[in-house]
Amino acid sequence: SICHLDGRYLPLREARVSPMDRGFLFGDGAYEVIPVYSRRPFRLEEHLARLARTLAALRLPDPHGAAGWAEIVREIVARNAWEDQSVYLQVTRGADDKRSHAFPVPIRPTVFLMSEELVTPPAAQLETGVAAVGAADFRWLRCDLKTVALLANCLLRQQAVDHGCAETVLFRDGFLTEGSASNIFIVRDGVVLAPPKSHLMLPGITYDVVLELAERHGQPHQVREILEDEVRSADEIWMTSSTKEVLAITTLDGRPVGSGRPGPVGRQMYAWYQDFKNTVMRS
Ligand code: PLP
């Protein structure tokens with residue numbers, strides 16, 4: 001596949017970055033994953049706005065701005081073969097001559113984009129849903145930032161894999177935060193519940209779409225803090241993300257969620273999501 005590195009387009013296998021890059025040494029950088037359907041980026045503006053927020057919080061000057069990023073994303077999509085792509089975009093604070101925690105002066109950020117084929121959950125998985133484990137959320141207190149420092153997320157996701165599961169549902173101080181790489185919704189008595197945005201979770205682009213769709217279709221929903229016990233006794237649990245879209249979690253720590261099958265509210269939300277995607281792609 002073709003990637004973008006600091007202004008150049010080249011085969012991914014030929015791309016090289018310095019070991020002194022702060023992304024490598026410190027995990028000092030921001031990223032985004034943008035889904036592309038039929039060669040059209042989905043919710044690009046929102047992804048770029050979140051990137052700008054992360055960069056500002058990291059005090060990392062934005063090397064391109066929204067229009068510049070949009071152009072590079074367009075180019076990456078055009079240069080790769082798939083109709084549906086998952087575009088990965090990363091900005092690190094760049095390389096310095098010596099390893100020092102404080103920021104180098106001047107800063108020359110490293111910009112890297114690559115693309116993969118976007119593979120959304122297959123029909124069989126949508127039919128059965130996926131298994132998840134619960135775990136204590138031991139990440140830092142700026143989970144609202146999309147940074148490449150993902151060691152905690154990797155360790156937490158591995159816990160799921162070790163148990164033959166697809167995702168880890170995180171709880172902090174007895175409350176639901178999110179998944180290791182997704183936001184989590186639950187359904188109780190026909191009402192969709194979502195935890196409020198805070199420094200404890202990533203403000204998901206898909207999370208926003210799901211709440212917009214609930215609003216638009218008159219689906220009862222509420223954004224509020226959710227107790228771990230409410231998750232464990234929920235009728236439905238879903239994970240949402242740009243690549244998983246809306247996917248039912250049907251067992252948690254080996255116990256069935258509700259009926260143990262994807263529930264009606266989640267199926268409806270999945271259908272609304274697909275409709276919405278298709279409308280936007282055709283517009
Ligand atoms: N939460 C975390 C920790 C994530 O890594 C992700 C993205 O994969 C999400 C939530 C979902 O965000 P989005 O819907 O913007 O993909």
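Details
- Among beta bridges identified by DSSP and lying wholly in region 66-205, the antiparallel ones come to about 75 percent.
- Here region 143-183 is treated with +1 on each Lys and Arg Cβ and -1 on each Asp and Glu Cβ, and its dipole about the Cα centre works out to around 80 debye.
- Among Lys146, Lys277, the order by Cβ neighbours within 10 angstrom, fewest to most, reads Lys277, Lys146.
- Residue order, fewest to most beta carbons within 10 Å, for Trp272, Trp140: Trp140, Trp272
- If you sort the three axes of the alpha carbon gyration tensor as a ≥ b ≥ c, you get a/c under 1.5 for region 123-282, which makes it rounded.
- Listed from fewest to most Cβ neighbours within 10 Å, the set Ser241, Ser259 follows the order Ser259, Ser241.
- Distance histogram for region 110-179 (every C-alpha pair counted, 10 angstrom bins, percent rounded to whole numbers): 17, 38, 35, 11, 0
- In the calculated pair-distance distribution of region 1-133, the portion above 16 angstrom amounts to 66 percent of the Cα-Cα pairs.
- Relative contact order (%) - criterion: Cα under 8 Å, at least six apart; region: the chain: 18
- Backbone geometry of region 20-30 corresponds, through the Karplus equation with coefficients 6.51, -1.76 and 1.60 at θ = phi - 60°, to 3J(HN,Hα) couplings of 7, 5, 5, x, 6, 6, 10, x, 8, x, 10 Hz, x marking Gly and Pro.
- For region 138-149, Karplus couplings with θ = phi - 60° (6.51, -1.76, 1.60), whole Hz, Gly/Pro x: 9, 6, 6, 9, 10, 6, 6, 9, 8, 9, 6, 6
- On Cα atoms only, tilt of 264-282 relative to the major axis of the chain in degrees: 40
- Its Cα centre serving as origin, region 206-258 has a Cβ charge dipole (Lys and Arg +1, Asp and Glu -1) of approximately 140 debye.
- Descending semi-axes in Å of region 185-271, equivalent ellipsoid built from Cα gyration tensor: 18, 15, 13
- Relative to the longest principal axis of the Cα atoms of the chain, the long axis of helix 151-162 makes an angle of roughly 40 degrees.
- Set against the 2.2 N^0.38 Å expectation for a compact globular protein, region 141-232 has a Cα radius of gyration ratio of 1.11.
- When the convex hull of its Cα atoms is viewed from all sides, region 57-207 shows a mean projected area of 12.5 nm².
- Per residue, the convex hull volume that the Cα atoms of region 221-283 enclose (Å³): 104
- A Gaussian network model of the chain, with springs between Cα atoms under 10 Å, assigns the largest mean-square fluctuation among Pro61, Pro196, Pro106 to Pro106.
- For the chain, lysine pairs with C-alpha atoms less than 22 angstrom apart, excluding pairs fewer than eight positions apart on the same chain, total 4.
- For the chain, a Kirkwood hydrodynamic radius built from all Cα pairs, placed in the Stokes-Einstein relation at 20 °C and 1.002 mPa s, yields a translational diffusion coefficient of 108 µm²/s.
- Take the Cβ atoms of Ala123 and Ala66, set R0 to 25 Å, and the FRET efficiency comes out at 0.10.
- Rounded to the nearest 10 degrees, the inclination of helix 65-79 to the longest alpha-carbon principal axis of the chain is 80 degrees.
- Per-residue Karplus couplings for region 38-43, computed as 6.51 cos²θ - 1.76 cosθ + 1.60 with θ equal to phi - 60°, are listed in order as 6, 6, 10, x, 9, 6 Hz, Gly and Pro entered as x.
Taken together, the values in this text are just the output of simple stated rules run on the coordinates, not laboratory data. These numbers come from a predicted model, not from an experiment. Cβ: placed from backbone, ideal geometry, glycine included. Neighbour counts: every protein chain shown.
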